[in-house]
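Chemist: The structure under discussion is supplied below as structure tokens; questions concerning it will follow.
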Amino acid sequence: MTDIIIIGSGPAGLTAAIYAQRAGLQALVIEKQPMSGGQIVNTADVDNYPGMPGIGGFELGMSFHDHAQKLGAAFVTEEVRAIESVDKSEKVVVTAKERYSCRAIVLAMGASYRMLGVPGERELRGMGVSYCATCDGAFFRGKTVAVIGGGDVALGDALFLARGCEKVYLIHRRDTFRGAGSLQEKVFATPNIEIIYDSVAESIVGDGMVQMLQIINKKTMKKSDIFVQGVFVAVGMEPNTQLVRALVDCDAGGYVCADETCKTSIPGIYAAGDLRTKQLRQVVTAAADGANAIASAEMYLQEK
């Protein structure tokens with residue numbers, strides 16, 4: 001039996017591992033992906049993590065991992081299938097290979113990109129349809145692309161792509177953006193970004209590769225065809241909480257209900273990072289959650 005099992009190894013999970021080891025608690029990190037770091041490893045530059053302006057996302061993610069590993073945290077690459085015996089002092093995490101016993105659990109599975117759900121999207125994923133501009137933008141240098149969304153990610157993606165693409169269409173379902181004012185100003189000032197308001201995607205068309213995006217204006221109901229080689233979807237995230245939605249309380253969007261203490265509705269189980277209810281989902285808040293989750297877990301284990 002180990003003290004704490006951490007499911008997921010993004011910034012929240014890795015910070016939890018660091019704080020657990022520093023507290024004298026043995027942490028086991030279970031991650032289904034072959035590499036730790038979470039979404040951050042697919043980000044070209046991270047400019048808002050304190051003290052590290054402009055650090056590469058991959059570099060930052062590996063730094064988190066190396067820190068946790070240096071302190072003695074254990075890592076296994078497996079996918080968690082179930083969590084059992086949550087009403088007892090011994091909790092059991094079940095994977096396809098093993099059954100792991102622990103005294104407390106930190107849920108840190110993060111969130112995934114939300115899909116549009118339109119015809120052609122799934123079929124052309126990886127063939128012009130992308131959810132990560134910093135990952136795939138280099139493939140579209142000199143080409144025409146579309147970005148769908150209106151938040152910080154969409155605006156940032158449009159600006160990033162505009163550096164190398166001939167033209168970027170920025171398509172938003174409303175007539176105003178939700179993203180930060182500073183990002184909006186940069187978008188408005190970028191000549192090769194064309195904004196299309198009040199419109200949504202109807203389908204993505206292509207024979208082996210993306211060739212066209214079909215959109216409709218929600219106010220006029222006018223349909224248009226935009227000829228593009230790439231479509232970058234930036235319409236939000238879905239919490240990776242399918243494993244625990246029947247176990248702990250979640251909100252209507254599937255996010256685990258937990259405050260700054262990271263306590264869930266089940267004693268001894270904590271939620272950290274993008275999967276919990278919170279205002280801001282950034283690396284710095286994920287790291288803070290990891291620390292808070294372990295602080296709560298320490299108090300729980302001392303009581304036991």
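The values are calculated or read from the model by the stated rules, or taken from the named source; none is laboratory data. Here the structure is a predicted model, which means the values were calculated and not measured. Every residue, glycine among them, receives a Cβ derived from its backbone with ideal geometry; neighbour counts consider all protein chains shown.
Residue-wise test of (1) among the polar types (S, T, N, Q); (2) buried (at least 21 other Cβ atoms within 10 Å of the Cβ); (3) in the same structural domain as Val256 (by TED's automatic domain parsing); (4) closer than 20 Å to Ser296 by Cα.
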{"position": "Ile6", "(1), (2), (3), (4)": "no, yes, yes, yes"}
{"position": "Ser36", "(1), (2), (3), (4)": "yes, yes, yes, no"}
{"position": "Asp47", "(1), (2), (3), (4)": "no, no, yes, no"}
{"position": "Glu78", "(1), (2), (3), (4)": "no, no, yes, no"}
{"position": "Ala82", "(1), (2), (3), (4)": "no, no, yes, no"}
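Chemist: From the list Ile266, Ile216, Ile195, Ile204, exactly one residue is over 20 Å from the mean Cα position of the chain (by Cα) and buried (at least 20 other Cβ atoms within 10 Å of the Cβ). Which is it?
Modeler: Numbers: Ile266 fails: buried (at least 20 other Cβ atoms within 10 Å of the Cβ); Ile216 fails: buried (at least 20 other Cβ atoms within 10 Å of the Cβ); Ile195 fails: buried (at least 20 other Cβ atoms within 10 Å of the Cβ).
On inspection, the qualifying residue turns out to be Ile204.
Chemist: Could you pull out every one of the strands (runs of 3 or more DSSP E) wholly within the stretch 48-151 that has 2 or more residues that are of a type in the set (A, V, I, L, M) and modelled with pLDDT of 90 or more? Give the steps one after another, and end with the answer.
Modeler: Numbers: elements: 74-77, 80-84, 91-95, 99-107, 111-113, 144-148.
The qualifying strands (runs of 3 or more DSSP E) are 74-77, 80-84, 91-95, 99-107, 144-148.
Chemist: Of all residues in the stretch 62-88, which are in contact with a Lys or Arg (Cβ under 6 Å, 6 or more places away or on another chain) and in contact (Cβ under 8 Å) with a residue 24 or more places away in the chain? First the steps, then the outcome.
Modeler: Step one: filter the stretch 62-88 for residues in contact with a Lys or Arg (Cβ under 6 Å, 6 or more places away or on another chain), giving 78-79, 85.
Once the filter is applied, which keeps residues that are in contact with a Lys or Arg (Cβ under 6 Å, 6 or more places away or on another chain) and in contact (Cβ under 8 Å) with a residue 24 or more places away in the chain, the stretch 62-88 yields Glu78, Glu79.
Chemist: Related question: Starting from residues that are surrounded by fewer than 24 Cβ atoms within 10 Å (Cβ to Cβ) and within 14 Å of the chain's Cα centre (by Cα), keep the ones in the stretch 279-302 and report whichever is farthest from Gly54 (Cα to Cα).
Modeler: Leu280
Chemist: Further question: What's the number of the condition Ala252 fails, among (1) at pLDDT 95 or above; (2) part of a loop (DSSP other than H, G, I, E, B)?
Modeler: The failed condition is (1).
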